[in-house]
Amino acid sequence: MNNAVDIAYGRGHLKVSLQEGIKPTIIRKPSLPKLADQKAAIDEALAKPINAAPLAKLAQGRKSACILICDITRPVPNKLFLRPMIETLMVAGMPAEKITIIVATGLHRPNEGAELAELVGDPWVQQTVRVENHFARNDADHVDLGFTTRGTPVKIDRRFVDADLRIVSGLIEPHFMAGWSGGRKVVAPGVAHHETIRTFHSARFMEDPLAIQCNLVKNPLHEEQLEIVRKIGEIYSINTVLDEDRDLIHVNFGEVLASHLAAVDFVKDSTVIKVPRRFKTVVTSSAGYPLDKTYYQTVKGMVTPLDILEPGGTLIIASECSEGFGSPEFREAQTKLVDIGPERFLAMLKAKTFAEIDEWQTEMQLKPMRVSTVQLYTTGLGAEERRITGVELVDSVDQAIADSVQRHGDQAVAFIPEGPYVIPVFADRV
C-alpha cells in the first residue's frame, strides 16, 4: 500500500503522508480512453455537428463571427480548436477582421498580456483576429433583451449579440451552482451585464436546494441560463472534456443546448462517483492550477464533497492561492462574514434583489461551514487574508489529518485529489 497521496496543488502536487493506522479511501474519476488524434477529433466534430450544419456550411454567407472563450480560471484547450475554427471561417469567405474572440470574464478581471497569450495558446490566433475581454460593468457595451419570466434583466455583450455567427467554447465539468459548466454558462454569466449576473446569483437562486453540482433538473440557475440563451437566438458551441492529465478526451460541436447536453451525458458517469459511506475526515484540493490561483475559486472545492462528509466532521482543503485572495468585492464580503457572523450575513443576503458582486461565493462558503469544520492549507495568503477566509488555517495537511482522526476517533479518511472536478455522492443518495 502506498504511504502517501498526491493531491493537486498549484502547477504540481502536494504529497500527503499517510500516518500509521489511517485507512484511506481515494476518490478519483475512472480513466477514460485518450484520443488517438486530437486534431482529427476536432475536425470531425466541426464537420459532423449535433443538431446543426457543419461549421464550413454555417459560415457561408455570414458577414461576421464572435467566438467566446472562458477566462484563465478554466483550463480549456483553446490552442487546439481556435485556429481550425478560424481557418474554416476564413476559407468560407469571412474576412479575418470580422472575426472576434471575446474572453467571457463574467465579473472576473480581464486577462491581458502574457496571461492572455497563455489563455489563447496560439500566437497565430492573436495575430490574425481580434481578441478582447468582456467588461460586465460597461453599460454601453450591452444590448437590453428584456427580462426572463423570473424577472432577471437580460443584458448581453453587444459584440456577441450583433455577430452574424455566434459560437461559444468551454470545458464540461461539474459546477457547484449551475450543475455543469460550459455551453449556456459561457454566455451568462460569461458575457452578461453585471445586473444580469447579480440577479441570478442572488440568495433566492443560491439557496435553492436544486442549485447544486451535476444537477440540471429544475436547477433555477440552469433554467435562467437556458431562457437567456433562447432570447439571444442562434448559437453554436464547441464542448471539450479533459482527463486528470488535462488531455482532451472528448470534443463535440453543434447547437448550443443540444451539444452541451450531449457532452454532459458523455462525462457525467465518470464524474459522479458513488461512495458507500460518509467520512468524518475529508481531504480535498482546489484542483490545482489554474483553479487554485485565488481563494475565491477555492470555495468550489469546499462545497463539492459535502454529500460524503459526516455532519460535524472536518473538511481539509489544500489550495495554493498563488494570486492571492480574489476581487476587492469578494474581500469585502469575506470581511463582513467574519465581522458579523454567518447567520447575520445570510439574513442580509436574503433581503436583497441584487447580490453584491462576488458575495455569492461567500454565500456558498456558508454551506460547508454549516455542517463541518473547514480547514485550509495554503502558501499564498497574507496574514489579513488568512483572517478573513473565515475558516481555520493549518500549517500541515499531514498534521491536520492526524488531529482530525484523533478528534473524531475514526481512522477512515477520504481523499479527493482532483478536488471539484470529482463529485463524490453517498451511495444511498444515488
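Of note:
- Förster radius 30 Å - calculated FRET efficiency between N3 and W124 (Cβ-Cβ, nearest 0.05): 0.05
- Along the range 368-374 the Karplus relation, 6.51 cos²θ - 1.76 cosθ + 1.60 evaluated at θ = phi - 60°, assigns HN-Hα couplings of x, 5, 5, 10, 8, 8, 9 Hz to successive residues, with x for each Gly and Pro.
- Estimated FRET transfer efficiency when R0 is 25 angstrom, pair A96-D265 (beta carbons, to 0.05): 0.10
- Each DSSP beta bridge with both residues in the range 38-270 is either parallel or antiparallel, and the antiparallel ones are about 40%.
- Alpha carbon convex hull of the range 215-285, projected area averaged over orientations, nm²: 6.9
- q = 0.12, 0.17 Å⁻¹, the range 38-270: log10 I(q)/I(0) [Debye, one scatterer per Cα]: -0.61, -1.29
- Rotationally averaged projected area of the range 209-255 (alpha carbon convex hull; nm²): 4.4
- Once backbone amide H atoms are built at 1.01 Å from N, T105 has H134 as its partners under 5 Å, excluding neighbours fewer than 5 places away on the same chain.
- Gain upon complete extension [R407, T335; 0.36 nm per residue less C-alpha separation]: 23.0 nm
- Within straight-line cross-link reach of K280, lysines at Cα separation under 25 Å, skipping those fewer than 8 residues along the same chain: K15, K23, K29, K300, K367
- The base-10 log of I(q)/I(0) for the chain, evaluated at q = 0.12 Å⁻¹, reads -0.98 [Debye formula, identical scatterers on Cα atoms, solvent excluded].
- Cβ crowding within 10 Å averaged over residues, with 34-47, 178-191, 222-235 ranked highest first: 178-191, 222-235, 34-47
- Radius 14 Å from Cβ of A414, net charge of other residues (Lys, Arg +1; Asp, Glu -1): +2
- Lysine pair count for the range 38-270 with Cα-Cα distance under 13 Å and sequence separation of 8 or more or different chains is 4.
- Taking label points 7 Å from Cα along the Cα-to-Cβ direction, Q60 and R277 give a separation of 6.3 nm.
- Rg/Rh for the range 303-430 stands at 0.97; both radii use Cα atoms, and Rh follows the Kirkwood definition.
- Calculated FRET efficiency for the pair T379/E207, C-beta based, R₀ 35 Å, to 0.05: 0.60
- Burial order of peptide ranges 203-209, 7-13, 349-355 (average beta-carbon count within 10 Å, highest first): 7-13, 203-209, 349-355
- Per residue, the chain reaches -10000 deg cm²/dmol at 222 nm when only DSSP H runs of four or more residues are counted, each adding -39500 (n - 2.57).
- Candidate cross-link partners of K336 among the lysines, defined by an alpha-carbon separation under 16 Å and a same-chain spacing of 8 or more, comprise K350, K352.
No lab work stands behind these numbers, since they all come straight from the coordinates. Keep in mind it's a predicted model, so treat the numbers as computed, not measured. Using ideal geometry, Cβ is built from the backbone for each residue, glycine included, and neighbour counts are taken over all protein chains shown.
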